[in-house]
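The structure appears right after this line, and notes come after that.
The values are calculated or read from the model by the stated rules, or taken from the named source; none is laboratory data. Keep in mind that this is a model prediction, so the values were computed, not measured. FYI the Cβ positions are ideal-geometry reconstructions off the backbone, even for glycines, and counts take in every protein chain you see.
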Amino acid sequence: MRRRVPLGWIRPAIWLPLPVVLAIGGGLWQWGAHSLPYLLPPLSWVFDSLSGHLSYYLRNAGTTLGEAVAGLGMSFVAAFILAVLISEVPVVRRAVMPIAVVLNVTPLVAIAPVLVVAFGFGPAPKVIITALFCFFPILINTAIGLRSVPPPMMQVYQTMKASRLELLVHLRIPTALPFLFAALRIVTPLSITGAVVAELTASGSVGGLGSVISVAASMNQLAVVYAAIFILAVLGVLLMLIVTFAERRALRWHESSADRAN
Amino acid sequence: MQAAAIELDSVRKVYGAGAAATVALNDVRLTIEPGRIATLIGPSGCGKSTLLRLVAGLEPADAGSVRVHGVAPEEACAAKLIGFVPQTPALLPWLSVLKNVTLPQKINSGAAKRRERIGDLAERTRARAGVGGGGVPDMRELLRKVGLGDAVDKLPSQLSGGMQQRAAIVRAFGLRPDVLLMDEPFSALDEFTRESLQDQLLDLWSEESTTVLFVTHNIAEAVRLSDTVVVMAPSPGRIVESVDIGLPRPRDQRVFEERGFHDYEDLIREKLYSAWRSPDAA
């Protein structure tokens with residue numbers, strides 16, 4: 001299916017809709033900026049701010065990206081290990097799963113101020129908040145995935161008395177991979193959200209696009225706010241591209257079996 | 001003395017409890033000698049798949065004893081005496097065909113030692129003397145033999161259902177199992193594919209002379225493959241009768257045209273229907 005797409009780009013019906021919508025959106029924005037200059041800065045101002053202070057934005061973007069990736073990485077490792085424990089040890093499952101489900105629906109944003117009080121304005125509370133945001137979706141998805149080996153597959157290897165480690169390595173973890181990537185697709189945008197929320201909460205922070213936004217907003221520099229938001233969107237897209245690329249590489253078998261099912 | 005390959009004595013299996021309890025198997029006795037193909041046939045709910053799962057050690061019996069070469073099923077599994085072919089191919093979709101069929105040889109590497117300890121190894125080995133020794137079979141060669149020579153590096157999803165099931169059979173044979181358990185392995189295939197897979201199963205079996213316990217609901221398949229057809233009936237699941245099939249081997253596709261073949265088919269059909277009409281009160 002993917003192979004047909006490059007040819008399709010020749011046809012206007014394929015490539016035209018997006019530019020049209022972008023043009024209409026841009027036009028509406030400019031009209032809004034003209035009639036409500038205190039709410040919307042003209043796009044040219046945003047662009048000027050971006051090009052004039054690019055290194056400033058990039059430095060702060062680096063801070064935010066670092067926090068997001070560190071938090072995501074930490075929670076990935078921790079959630080994966082805990083998911084394996086949950087899947088292998090019923091006692092741990094019964095102890096942890098209910099808590100995980102409750103915490104997953106708890107608005108963890110509310111914990112942010114407490115963490116800032118506890119850990120100060122450095123990177124620690126930001127990384128921890130990001131990790132918390134990402135933790136439960138990864139945990140729950142992976143734990144379900146590890147338990148999703150089709151019974152006949154399991155039976156074939158049970159009749160060889162495969163050890164639990166062998167079942168984990170050869171059957172459970174590969175089966176859980178599509179679930180894990182589904183979690184990563186949910187959690188990657190959340191990691192940036194987590195970092196920005198933490199920066200907004202710790203209003204005295206020295207860096208990060210979140211603090212850029214909160215400082216600029218308090219001084220009514222709306223062009224700066226939107227420039228920072230634009231950079232955040234780019235960061236999110238970049239991270240998603242990396243996840244998509246990794247997924248394509250790791251799950252080539254999965255994609256081809258999905259193609260067949262269609 | 002040589003133990004039977006499979007021996008069930010007074011086996012009972014009940015699912016559920018109280019009023020909702022279903023007797024899946026009641027007072028089942030069955031003995032299968034080494035190197036023979038036995039087929040379990042009967043309508044759904046007669047407990048044929050349950051019986052197979054008991055022999056595979058996937059479920060415990062509620063009463064009675066199940067022995068595989070004189071030991072409990074769990075022990076037989078631990079020694080990798082048992083090869084299991086489920087209804088679906090159950091190949092690992094992330095591994096190539098070749099890796100799928102070689103992975104079992106790497107699993108449970110302590111099995112070889114346990115295998116030696118099970119009593120009648122000498123007889124079992126002698127029974128298959130001349131079949132390429134006792135070593136690990138060349139899986140590429142086995143795959144080529146069933147027509148998967150060009151598919152070794154493909155993923156299971158790139159193969160047809162019949163080819164996948166062939167790979168699943170090769171995977172089971174690759175363990176050189178003493179007992180091969182097959183749970184309706186061809187039921188999802190079209191008739192032509194099914195008959196050609198029967199050919200290949202018989203070919204592999206004639207070289208390995210493994211004991212085969214085969215579950216099916218197809219009478220022609222049962223007659224063609226079996227030395228013994230075990231007719232089962234439901235509610236409660238039980239064995240009605242064992243019919244020995246005296247047709248000469250090898251049985252290629254011409255066997256379907258023989259008079260004797262159809263006589264056996266009629267006999268088994270008649271036994272299935274009479275058991276169906278008069279449910280046992282026990």
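Going by the structure shown, is A:ARG172 surrounded by fewer than 17 Cβ atoms within 10 Å (Cβ to Cβ) and within 25 Å of A:ALA79 (Cα to Cα)? Taking the combined requirement at face value, the residue does not satisfy it.
Residue count for segment B:178-189 under the criterion of being surrounded by 22 or more Cβ atoms within 10 Å (Cβ to Cβ) and more than 9 Å from chain A (Cβ to nearest Cβ): the result is 6.
Only one entry in B:SER49, B:SER44 is more than 15 Å from the chain's Cα centre (by Cα) and closer than 30 Å to B:MET163 by Cβ, namely B:SER44. Looking across segment B:228-282, just one residue is at pLDDT 90 or above, part of a helix (DSSP H, G or I) and closer than 19 Å to B:ARG29 by Cβ, and that is B:LYS271. The set of residues from segment B:148-157 being touching a residue at least 12 places away in the same chain (Cβ under 8 Å) and more than 10 Å from B:ALA167 (Cα to Cα) comprises B:ASP153, B:LYS154, B:LEU155, B:SER157.
Looking only at segment B:141-157, count every residue that is part of a helix (DSSP H, G or I) and within 12 Å of chain A (Cβ to nearest Cβ) and tell me the total. Total satisfying the criteria: 2.
For segment B:249-263, the criterion of being charged (D, E, K, R) and under 16 Å from the mean Cα position of the chain (by Cα) is met by no residue.
For segment B:262-275, the set of residues classified as of a type in the set (Phe, Trp, Tyr) and free of Cβ contacts under 8 Å to residues at least 40 places away in the same chain consists of B:TYR273 only. The set of residues from segment A:121-169 being surrounded by fewer than 20 Cβ atoms within 10 Å (Cβ to Cβ), touching a residue at least 60 places away in the same chain (Cβ under 8 Å) and over 23 Å from A:VAL92 (Cα atoms) comprises just one member, A:PHE121. Residue-level analysis places A:TYR57 outside the set of residues that are in contact with a Leu (Cβ under 9 Å, 6 or more places away or on another chain), of a type outside the set (A, V, I, L, M) and not in a helix (DSSP H, G or I).
The set of residues from segment A:134-153 being part of a helix (DSSP H, G or I) and more than 14 Å from chain B (Cβ to nearest Cβ) comprises A:CYS134, A:PHE135, A:PHE136, A:PRO137, A:ILE138, A:LEU139, A:ILE140, A:ASN141, A:THR142, A:ALA143, A:ILE144, A:LEU146.
For segment B:1-41, residues that are of a type outside the set (Ser, Thr, Tyr), under 22 Å from B:SER206 (Cα atoms) and more than 13 Å from the chain's Cα centre (by Cα) total 4.
Among the candidates B:SER49, B:SER10, B:SER44, the residue that is at positive phi and among the polar types (S, T, N, Q) is uniquely B:SER10.
Here's the yes/no breakdown for (1) crowded, with 23+ Cβ neighbours inside 10 Å; (2) touching a Leu at 6+ places or on another chain (Cβ under 8 Å):
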{"site": "B:LEU51", "(1), (2)": "yes, yes"}
{"site": "B:LEU58", "(1), (2)": "no, no"}
{"site": "B:SER65", "(1), (2)": "no, yes"}
{"site": "B:PRO73", "(1), (2)": "yes, yes"}
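Every listed requirement among (1) more than 8 Å from chain A (Cβ to nearest Cβ); (2) within 21 Å of the chain's Cα centre (by Cα); (3) in a helix (DSSP H, G or I); (4) at pLDDT 90 or above is met by B:ARG124 save one, (4).
Yes or no, residue by residue, for (1) crowded, with 17+ Cβ neighbours inside 10 Å; (2) aliphatic (A, V, I, L, M); (3) over 23 Å from B:SER10 (Cα atoms):
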| position | (1), (2), (3) |
| --- | --- |
| B:THR216 | yes, no, no |
| B:ILE219 | yes, yes, yes |
| B:SER226 | yes, no, yes |
| B:VAL230 | yes, yes, no |
| B:SER235 | no, no, no |
| B:ARG238 | yes, no, no |
| B:GLU241 | no, no, no |
| B:ARG249 | no, no, yes |
| B:ASP252 | no, no, yes |
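Would you mind stating whether A:SER55 is loosely packed, with under 10 Cβ neighbours inside 10 Å and of a type in the set (Ser, Thr, Tyr)? So A:SER55 fits the description; yes.
When you look at A:VAL234, is it of a type outside the set (D, E, K, R) and either within 30 Å of A:GLN30 (Cα to Cα) or without any contact (Cβ under 8 Å) to a residue 60 or more places away in the chain (or both), yes or no? Yes.
Out of the residues in segment B:64-100 that are under 22 Å from B:LEU30 (Cα atoms) and among the small types (Gly, Ala, Ser), which is farthest from the other protein chains (Cβ to nearest Cβ)? This residue is B:GLY64. Being assigned to a helix (DSSP H, G or I), facing chain B (nearest Cβ under 10 Å) and among the aliphatic types (A, V, I, L, M) holds for only one residue in A:VAL187, A:VAL243, A:VAL156, and it is A:VAL156. The one condition from (1) without any contact (Cβ under 8 Å) to a residue 12 or more places away in the chain; (2) farther than 30 Å from A:THR175 by Cα; (3) hydrophobic (A, V, I, L, M, F, W, C) that A:ILE213 does not meet is (1). Residue count for segment B:32-63 satisfying the condition of being in a loop (DSSP other than H, G, I, E, B), within 14 Å of chain A (Cβ to nearest Cβ) and small (Gly, Ala, Ser): 2.
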